[in-house]
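Only one structure is covered here, and it is reproduced in the block below.
The values are calculated or read from the model by the stated rules, or taken from the named source; none is laboratory data. Source: prediction; values computed, not measured. All Cβ positions, even for glycine, are placed from backbone atoms using ideal geometry, and neighbour counts span all protein chains on display. Accessible surface is based on the protein model in full, side chains and every heavy atom, while ligands, DNA and RNA are left aside. Shrake-Rupley method; radii C 1.70, N 1.55, O 1.52, S 1.80 Å.
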Amino acid sequence: MVKCASHLVIGMKGVFKLATQNTNSFSVQKMIQEKKKKKSAGGITEKIMPYILFLTAAVSVLTTIGIVLTLIFETFLFFDAVSIKEFFTAKVWYPFSETNGSFGILPLVMGTLKVTVIAAIVAVPIGLASAIYLSEYATDSARRIIKPILEVLAGIPTIVYGFFALTFVTPILRDIIPSLEIFNALSPGIVIGIMITPMIASLSEDAMTSVPNSMREGALALGATKFEVAIKVVLPAAISGIVASIVLGISRAIGETMIVAVAGGSTPNLEWDITGSIQTMTAYIVQVSQGDVGYGTTIYYSIYAVGMTLFVFTLVMNLLAQYITRRFREEY
Amino acid sequence: MNLINHETVVKRMKSRLSKNSISKWIFFALTMFVLLILGILLFRIFSQGFGYLDLQFLQSLPSRKPENAGVYAALIGTIWLMAVVAPVSLLLGVGTAIYLEEYAKDNVITNFIKVNISNLAGVPSIVFGLLGLTVFVRALAFGTSVLAAGLTMSLLVLPVIIVAAQEAIRAVPNQLREASFGLGATKWQTIVRIVLPAAIPGILTGGILALSRAIGETAPLVVLGMPLFLAFLPKTLLDSITVLPLQIYNWTGRPQVEFHALAAAGIIVLLVMLIIMNSIAVLIRNKFQKRY
């Protein structure tokens, strides 16, 4: 506050100086007019600044437009070579054959789906349990320690999780399930689940903490136990925020790249088996980008078609989360 | 009338109470499980990579022989990347935040910009890579350069900076603005001399957090086609770079255990950088942020 006030004073110093020098010979009104004349140059800044700032704000809109246009244009070029029907219905994704490549997105979607479901199975119970513990049970000091640690977990780069999945989780799982391949859906799924847990936990906890205490006290006064309060009062009251956090977490899992690229393998398939090698949409884009695929080939355009599918998936999830928060929010 | 059957209540009480105490421990145990995973992760990486972590590792270029390999090129590349991302994303992000908080009228366009920013934050990072590949690498012909990588990353972290800067600007109380207007300052003068100085700690904190996200991202750079293995240093903005996450990815992808240890050592370097940056952010937040 003090510092800001001093900025204010520095900023206004010029005006004060003028005022003290000229009090005898000028009226304030004349001074203002003089100042206005002098400041025609400053007036221009004043006028164009909003437009310049608007342009910077437009960059974020242009980014979205750029993403959508890029994906649409290149996807159209892809559909020149491959029919839309094949893309959505063919059961094999094998683009690397020059004569008879097959471009059916389903195996890649299947890979993404398997990993995402495993991640959700890991992240939803643990995330919700942590959220309930933090908002209902934890003492203030425990919360002050645990929340920053969760933030650290959320800030770890995904390549680190990928390394962890490949060199730690997979070997352990292979001891438990001997038939597990080195690259599989299970290990990256579990690690993605761990990665999105802090996000689900902290967003759900926010939703639960915003449930007013009077509701908890009412239930406690009726003889409910703390567990009953958490499950039957707080959880239903915060359900919109909780569901939104889960949907956002799943959207993150769908778009996650490095963990599946490192530990998931590169064998797109349509099987339900989670112990074998898979390929997700994101991992395919990485695989093609790393190789030396020529610009303008069908394979090159295929990463945009896959990217488009991925973009639509995550966009739908994000819009769904926004809709849920808006539609089902309870105001207290 | 006896609405409450005392016996049933007593009978059920025991199971309700035991459910209560059991569930408490389950919630606690699952929370601790998350923390335990973090502990294991850090322990594994440090025990694996510590052997390779020395001055020689920091000063060497990557090599096919694990004992000679180092992260020097990747470290320098990461610093170059930060040097592009920081000014570009701060300029765009703070400009947008000022516009939205100080100038924008409450109309359809403003609303559209806001919805757009929140949706942009949810777009997977790899899709930004596709955008960068088309626009920066191909259309503007920057190639796989520092510039293309930096601009792509700037767009990726833009939503983070905008939201942080918006919050910081919103937290500046209106009395300060009114006092400034009352003394005859114009709107732009008020923004530059009053609002921004007061909001700078919040903006810097958000900026550093965004930057730390940018140097940890891998996927967009792989899509841009940045080299995973590079044995020379960049000299201009149009030179190729490799960065720490890419170098780690490269080492992780190799079958030999020695390279995995190198990857772990690289991860330690990356994590230490992130910890330093985050500590600076927390320090700024605690030291300079005022509550009005």
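Assorted remarks:
- Most mobile listed residue (A:ILE303, A:ILE176, A:ILE254) in chain A, GNM with C-alpha springs under 10 Å: A:ILE176
- Within 10 Å of the Cβ of each residue in A:309-315, the mean number of Cβ atoms contributed by other protein chains is 3.
- Dipole of the protein assembly as shown, positive end: most advanced residue of A:ALA123, B:ALA74, A:LEU150 [Cβ charges, Cα centre]: A:LEU150
- Among the listed pairs A:LYS30/B:LYS187; A:LYS91/B:LYS114; A:LYS91/B:LYS65; A:LYS85/A:LYS114; A:LYS232/B:LYS114; A:LYS147/A:LYS226, those whose Cα-Cα separation exceeds 31 Å are A:LYS91/B:LYS114; A:LYS91/B:LYS65; A:LYS232/B:LYS114.
- Cβ-placed point charges (K, R +1; D, E -1), dipole of segment B:56-154 about Cα centre in debye, nearest 20: 340
- Ligands, DNA and RNA are left out, and with a 1.4 angstrom probe the accessible area of chain A is 48 Å² per residue.
- The GluC sites (Glu not before Pro) of segment B:40-144 meeting both criteria, a DSSP state outside H, G, I, E and B (loop) and at most 11 other C-beta atoms within 10 angstrom of the site's C-beta, are B:GLU67.
- Charged-residue dipole, Cβ positions (Lys, Arg, Asp, Glu), segment B:93-243 about Cα centre, Debye nearest 20: 140
- Separation of segment A:94-167 and segment B:136-176, taken as the distance between their Cα centroids, equals 26 angstrom.
- Helix A:28-38 axis versus longest C-alpha principal axis of chain A: approximately 50°, rounded to the nearest ten.
- Against the main long axis of the alpha-carbon atoms of chain A, helix A:140-155 sits at an angle near 70°.
- Dipole orientation for segment B:6-50: of the candidates B:PHE50, B:VAL34, B:VAL10, B:VAL10 has the Cα lying most toward the positive pole (charges on Cβ; Lys, Arg +1; Asp, Glu -1).
- To put it simply, the accessible area of the protein assembly as shown at a 1.4 Å probe is 66 percent carbon and sulfur.
- For the residues of B:95-106, the average number of beta carbons from a partner chain within 10 Å of their own beta carbon is 4.
- Inter-chain Cβ neighbour average for residues B:130-139, partner chain, 10 Å: 5
- Between A:ASN269, A:ASN213, A:ASN184, the GNM of chain A built on Cα springs shorter than 10 angstrom shows A:ASN213 fluctuating the most.
- Overall shape of the protein assembly as shown was characterised from the C-alpha gyration tensor. The equivalent ellipsoid obtained from it has semi-axes of 43, 37, 25 Å, in decreasing order.
- Surface analysis of chain B yields an accessible area of 47 Å² per residue, using protein heavy atoms and a 1.4 Å probe.
- Largest mean-square fluctuation among A:TYR301, A:TYR284, A:TYR51, in a Gaussian network model of chain A whose springs join Cα atoms under 10 Å apart, belongs to A:TYR51.
- Among the trypsin sites (Lys or Arg not before Pro) in segment B:1-65, those placed in a DSSP loop whose Cβ has at most 11 other Cβ atoms within 10 Å are B:ARG64.
- Student exercise, the protein assembly as shown dipole from Lys, Arg, Asp, Glu Cβ charges, in Debye to nearest 20: 2440
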